[in-house]
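Here's the structure we're looking at; comments come further down.
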Amino acid sequence: MEPYLAAEMQRIADAAPAVAYALPISRITAGRGGVTAQANGLGVMRLNLHSRLAQRVLIELTRAPYRTEDDLYAAAYALRLSDWFSPAESFRIDLTARFSPLKSLNFAALRIKDGVVDRFRADTGQRPNVDRDRPLVRLHAHLEADQVVLSLDTSGEPLFKRGWREDTGDAPLKETLAAAMLAACGWDPFGPNPMPLYDPCCGSGTIAIEAAAIASRTPPGAQRRFGFEHLRLHDPAAWDAIKKEAASAVCTPVVAIYGSDVSHRMVDFAQRNAQRAGMADWVQLRGGDALQRMPPAEHGLMLLNPPYGERIGVGGQMRGARSGRERFVHDRPPADDGDESSADTGDSAETAAFFTALAAHWKAHFGGWQAWLLSPDAQLPSHLRLKPLKRVPMFNGPIECRLMGFDLVARNAP
Ligand SMILES: C[S@@+](CC[C@H](N)C(=O)[O-])C[C@H]1O[C@@H](n2cnc3c(N)ncnc32)[C@H](O)[C@@H]1O
């Protein structure tokens, strides 16, 4: 996703006016697992408000060599964090590690915490409290084999939490992944040829709601709070102005956006989510079996993560047709930042039958449409009996998937 994120950050940077000749965001470089940029406080606020693809916006404070836990303590102590936040704010250390030689990551985090607290005491005579559950400030420590990177998290809750979701269904996509799918399939509601968008297995409505937010220029962070509000860089007047500028750009989409699901309970969830997201007027949601629903427009783009997994079985017509095993490939409920689960991407007769029937329906009725499906199943093109235009690797949590696009060419209806 890094190239898509870098392009998005460039768009956010281009839209940000220079203040006192300083560019709020510059020098954007895609790396592995993230994109770096140079930014001031205004840039940090803009990235948090406008990025649909980033999980978090971190400020890198230091990169230091280490061998022992004492080196980590020293790296944390060297930071004068009272310049960044007051001792009245609670904090937490989030630690990740790759190839670290240290035996206990808990102990490593503890030593970093000690370094932070001791330095605060030395500088201010006070220490901030640790709050593991609801910290106001989060510090990120990433341990490589011999280097530690300490960063301040300016987002707080991860950015896929847009602030509107209450009804999740069983396997909702993260909003950031839905946005990445929309970027990767090339759907552009502001391009010369804006296409209607349709998710025929919409579940809780993530793709349709995200699409409507994009098409209406509604900023993803408009309804939520951010970690930077507890940092000294926070400038409430400037933040207010940035939010007002974003709100004044909101427009009515020029394209229609549709969603449907065989489960009426899901459609109900999606409707409520759309209402909370302020998108209810711009998405049309209905019940119905994807194997039977007719196209909602003459041509357009379908984007979906079709049913797979223990929790999310195929419904509608196919339910009766199946016997014995009731399941498709495993899916999982979302965790907070969510990256632990297992996936069974095994093939099955049921999988093949559902997708073959879906492709037959599409070929009969959706000629001229494009369909983009996110799936962990490498056999999907052969079940659909279609050749993919493109395969884009993406992770749905820990599950490696491909977003695959197909041109649907009209055949005679049976
Ligand atoms: C993996 S979930 C999609 C999740 C969705 N993208 C979201 O963010 O909530 C798959 C959805 O397909 C629906 N489904 C299963 N069989 C279907 C069928 N035959 N026609 C339409 N929808 C179906 C399920 O009810 C489920 O909501």
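Counting only alpha carbon atoms, the long axis of helix 236-248 and the longest principal axis of the chain meet at about 20°. Within the shell of other residues whose beta carbon sits under 11 angstrom from the beta carbon of Pro17, the net charge comes to -1, with Lys and Arg scored +1 and Asp and Glu -1.
Helix 264-276 and the long axis of the chain differ in direction by around 40°, with both axes built from C-alpha atoms.
Residue pairs exceeding 22 angstrom between C-alpha atoms, taken from Lys103/Lys161; Lys363/Lys387; Lys161/Lys390: Lys103/Lys161; Lys161/Lys390.
For Tyr258, the residues 5 or more places off, or on other chains, whose built amide H falls under 5 Å of its own are Leu197, Tyr198, Asp199, Gln284. In the chain, the ratio of gyration radius to Kirkwood radius, Rg to Rh, stands at 1.01 when only Cα atoms are counted. Sorting the segments 297-303, 103-109 by their residues' average number of neighbouring beta-carbon atoms within 10 angstrom, most packed first, yields 297-303, 103-109. Net length available on complete extension from Arg385 to Asp14 is 129.3 nm, with 0.36 nm assigned per residue and the Cα-Cα distance removed.
Averaging 1/r over each pair of different alpha-carbon atoms in the stretch 59-153 and inverting the result gives 13.0 Å, the Kirkwood hydrodynamic radius. Here the extension length gained between Glu245 and Thr68 equals 58.9 nm, from 0.36 nm per residue of separation less the Cα-Cα distance. Once divided by 2.2 N^0.38 Å, the Cα radius of gyration of the stretch 1-134 becomes 1.22. If both residues of a DSSP beta bridge must be in the chain, then about 60% of such bridges are antiparallel. Here's how it looks for Asn305: its modeled amide H is under 5 Å from those of Leu374, which are all 5 or more places away or on a different chain.
Angle of helix 2-15 to the longest C-alpha principal axis of the chain, folded into 0 to 90 degrees and rounded to 10: 70°. For the pair Thr29 and Arg224 in one chain, pulling the backbone fully straight at 0.36 nm per residue adds 67.5 nm over the alpha carbon distance.
Bear in mind these aren't lab numbers, they're just calculated from the coordinates by the rules spelled out. Quick caveat: nothing in here was measured; it's all calculated off a predicted structure. As a convention, Cβ positions derive from the backbone with ideal geometry for all residues, glycine included, and neighbour counts pool all protein chains shown.
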